[in-house]
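Q: Below is the structure I would like to discuss, written out as structure tokens.
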Amino acid sequence: MPAFEIRSAPRAFAVLALIVFDLAIGAPGATAQVPIPTIPPPVPVVVDGKTTAYLVLDLTSVICAPQPACQATLPAAAALLTKARNATVPVIYSETPTPGSTILAEVAPRPTEPKVTGRADKFYGTALDDILKSKGIKTLIIAGTAANGAVLYTAFGANVRGYTVVVATDGISAAPFPMLLTQYQLLNQPGFANPENTPLAENKVTLSRSDLITFR
């Protein structure tokens, strides 16, 4: 085995993170200074209520309740929920397979609103795609947590399956650096990039905000 081989995946990621951090801040010994990318601001969107669904991801007692940053997003997620229901837009929930997990009261589902259970990518190993296709859905509005978990991976899973995605930035949460990384990645997904944040770019992600999203 070569002397330089890193045997542990976590160690490999830690080393890579340190290298990137050193480059970004121009630490001593760094060979280049990498500028922090600028994220375009959220944009207004008007979506067709007949072909749009609202995904509420992991706003649960286990994932969201212990995190103040996530709790702070609940008003935005709830406001979107009210607008979606008023427009008769389908609402689909997700949670993780954690014993005792319940969806928080602020965004609690109605008995007729379906729920899927899975890890970060809510399409993987669930009936989410089948549910959406049965309703003729083409566009997804996403709120939830964690931004760098369920939101990021479900958005990519949606793009892979041909859906157009709108992420409500005030309805997602994570620590500051993961939030920056997530928003950059959402707009620069391999094969589905929308770096200028063009509203409703087909089969890509748009960053919007709860008060900028309108259902027609």
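The values are calculated or read from the model by the stated rules, or taken from the named source; none is laboratory data. What you see is a predicted model; the values in this text were computed from it and never measured. FYI the Cβ positions are ideal-geometry reconstructions off the backbone, even for glycines, and counts take in every protein chain you see.
Q: Based on this model, can you work out whether Ala175 counts as buried (at least 24 other Cβ atoms within 10 Å of the Cβ), out of contact with any helix residue (DSSP H, G or I) (no Cβ under 7 Å at 6 or more places or on another chain), at negative phi and small (Gly, Ala, Ser)? Don't jump to the end; show me each part of the working.
A: Numbers: buried (at least 24 other Cβ atoms within 10 Å of the Cβ): no; out of contact with any helix residue (DSSP H, G or I) (no Cβ under 7 Å at 6 or more places or on another chain): yes; at negative phi: yes; small (Gly, Ala, Ser): yes.
In short, no.
Q: Something else: Which residues, taken from the stretch 115-132, are in a loop (DSSP other than H, G, I, E, B) and farther than 16 Å from Ala150 by Cβ? Show your work before the answer.
A: Applying the first criterion (in a loop (DSSP other than H, G, I, E, B)) to the stretch 115-132 yields 118-127.
Answer for the stretch 115-132, where residues must be in a loop (DSSP other than H, G, I, E, B) and farther than 16 Å from Ala150 by Cβ: just Ala127.
Q: Can you tell me which of Ala84, Ala53 is among the small types (Gly, Ala, Ser), surrounded by 15 or more Cβ atoms within 10 Å (Cβ to Cβ), in contact with a strand residue (DSSP E or B) (Cβ under 6 Å, 6 or more places away or on another chain) and not in a helix (DSSP H, G or I)?
A: Answer to the selection: Ala53.
Q: Conditions: (1) assigned to a loop (DSSP other than H, G, I, E, B); (2) under 20 Å from Pro42 (Cα atoms); (3) not aliphatic (A, V, I, L, M). Gly136 meets all but one. Number of the miss?
A: Failing condition for Gly136: (2).
Q: State all residues of the stretch 145-162 that are crowded, with 24+ Cβ neighbours inside 10 Å and touching a Lys or Arg at 6+ places or on another chain (Cβ under 7 Å); if no residue qualifies, say none.
A: Those that are crowded, with 24+ Cβ neighbours inside 10 Å and touching a Lys or Arg at 6+ places or on another chain (Cβ under 7 Å): Ala150, Thr154.
Q: If you don't mind, another one. For the stretch 178-212, which positions are surrounded by 21 or more Cβ atoms within 10 Å (Cβ to Cβ), closer than 19 Å to Val46 by Cβ and of a type in the set (A, V, I, L, M, F, W, C)? Break it down stepwise before answering.
A: To start, the set of residues in the stretch 178-212 that are surrounded by 21 or more Cβ atoms within 10 Å (Cβ to Cβ) comprises 182-183, 186-187, 194, 204-208, 210.
Now drop any that are not closer than 19 Å to Val46 by Cβ, which leaves 194, 204-208, 210.
The answer is Val205, Leu207.
Q: Which of the residues spanning the stretch 87-108 are outside any helix (DSSP H, G or I) and of a type in the set (D, E, K, R)? Step through it out loud before you land on a result.
A: Initial filter on the stretch 87-108 (outside any helix (DSSP H, G or I)): 87-104, 108.
Glu95, the sole residue that qualifies.
Q: I've got another one for you. Mind checking which pairs have a first residue in the stretch 102-128 that is assigned by TED's automatic domain parsing to the domain that holds Gly157 and under 17 Å from Ile63 (Cβ atoms) and a second that is of a type in the set (Lys, Arg) and surrounded by fewer than 18 Cβ atoms within 10 Å (Cβ to Cβ), Cβ under 9 Å, 6 or more apart or different chains?
A: That search, which allows pairs on different chains as well, returns Ile103/Lys115; Pro109/Lys115.
Q: Let me ask something additional. Could you check Val107 against (1) closer than 30 Å to Ile36 by Cβ; (2) touching a helix residue (DSSP H, G or I) at 6+ places or on another chain (Cβ under 9 Å) and say which number it fails?
A: (1) is the only condition that Val107 fails.
Yes or no, residue by residue, for (1) under 13 Å from Leu55 (Cβ atoms); (2) without any contact (Cβ under 8 Å) to a residue 60 or more places away in the chain; (3) over 9 Å from the mean Cα position of the chain (by Cα); (4) assigned to a helix (DSSP H, G or I):
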{"residue": "Ile142", "(1), (2), (3), (4)": "yes, no, no, no"}
{"residue": "Gly149", "(1), (2), (3), (4)": "no, no, no, yes"}
{"residue": "Ala155", "(1), (2), (3), (4)": "yes, yes, no, yes"}
{"residue": "Ala158", "(1), (2), (3), (4)": "yes, yes, yes, yes"}
{"residue": "Gly162", "(1), (2), (3), (4)": "no, yes, yes, no"}
{"residue": "Thr169", "(1), (2), (3), (4)": "no, no, no, no"}
{"residue": "Ile172", "(1), (2), (3), (4)": "yes, no, no, no"}
{"residue": "Phe177", "(1), (2), (3), (4)": "no, yes, yes, yes"}
{"residue": "Leu181", "(1), (2), (3), (4)": "no, yes, yes, yes"}
